[in-house]
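Undergrad: Can you read through this structure? Questions will come right after.
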Amino acid sequence: WAGEDTTAARASVAAFRQQMTNGEFESIYSSMDPEFREFSSEESAVAWFQAISERLGGVVKSRLTNWEAHSGSDGSTVTLRYRTTFEHGSGEEEFVFRSVDRTATLMRYHISSKALEGMAAEPVFGV
């Protein structure tokens, strides 16, 4: 199942990036895993996604550098790590998905980029 879960997670990364490009920050938040929404307010998440988009711009190229998949009784988790070049900088991205019935929902998103230094602290996104 790990291969199918990873494929679903990679498709979800593509959807996330398209939503970021289109400025659909509220849609990103509403489609995230309930566990994520439990720990992060919509206002905080939307402001963070908007700030990332404004500072970095769209994705120019991205390379998957590492992935992990773990199965449990409540589904699987898939972690994807990318080295990404944006229009206005570069960074390391980490996406953590919960996969249930081959549907991946984003539980956690983290980005590390020099272009984001000096911004307000990253909100708590998932656990």
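The values are calculated or read from the model by the stated rules, or taken from the named source; none is laboratory data. Because the structure is a prediction, the values reported are computed rather than measured. With ideal geometry, Cβ positions are generated from the backbone for all residues, glycine too; neighbour counts draw on all protein chains shown. For the accessible areas, the whole protein counts, side chains as well, though only heavy atoms, and no ligand, DNA or RNA atoms are used. Shrake-Rupley method; radii C 1.70, N 1.55, O 1.52, S 1.80 Å.
Undergrad: How much length is gained if the chain between S30 and D74 is pulled fully straight, taking 0.36 nm per residue apart and subtracting their Cα-Cα distance, in nm to one decimal?
TA: Details: separation 44, 0.36 × 44 = 15.84 nm, distance 2.07 nm.
Stretched out fully, the S30 to D74 stretch lengthens by 13.8 nm.
Undergrad: Given charges of +1 on the Cβ of Lys and Arg and -1 on the Cβ of Asp and Glu, with all other atoms neutral, how large is the dipole of region 20-127 about its Cα centre, in debye to the nearest 20? Could you put the intermediate results ahead of the total?
TA: Values: 10 positive and 17 negative charges, 99 e Å.
That gives region 20-127 a dipole magnitude of about 480 debye.
Undergrad: Still on this structure: Could you state the angle between the C-alpha long axis of helix 42-56 and the longest principal axis of the C-alpha atoms of the chain, as a value from 0 to 90 degrees rounded to the nearest 10?
TA: Helix 42-56 sits roughly 60 degrees off the main axis of the chain.
Undergrad: For the chain, take the longest principal axis of its alpha carbons; what is the angle in degrees between that and the long axis of helix 2-21, to the nearest 10 within 0 to 90?
TA: 30 degrees
Undergrad: Among (i) 13.9, 41; (ii) 18.9, 56; (iii) 14.8, 49, only one was calculated for this model; which label is it, if the read-out is Rg and Dmax of the Cα atoms in Å?
TA: (i)
Undergrad: Based solely on its DSSP helices, what 222 nm [θ] is calculated for the chain when runs of n ≥ 4 H residues each add -39,500 (n - 2.57) and the sum is averaged over all residues, nearest 500 deg cm²/dmol? Write down the numbers at each step before the final one.
TA: Numbers: 4 runs with 48 residues, N = 127.
For the chain, the value works out to -11500 deg cm²/dmol.
Undergrad: Would you list V100, V60, V13 from the most to the least accessible area, probe 1.4 Å?
TA: Working: V100 65, V60 95, V13 5 Å².
Largest to smallest exposure gives the sequence V60, V100, V13.
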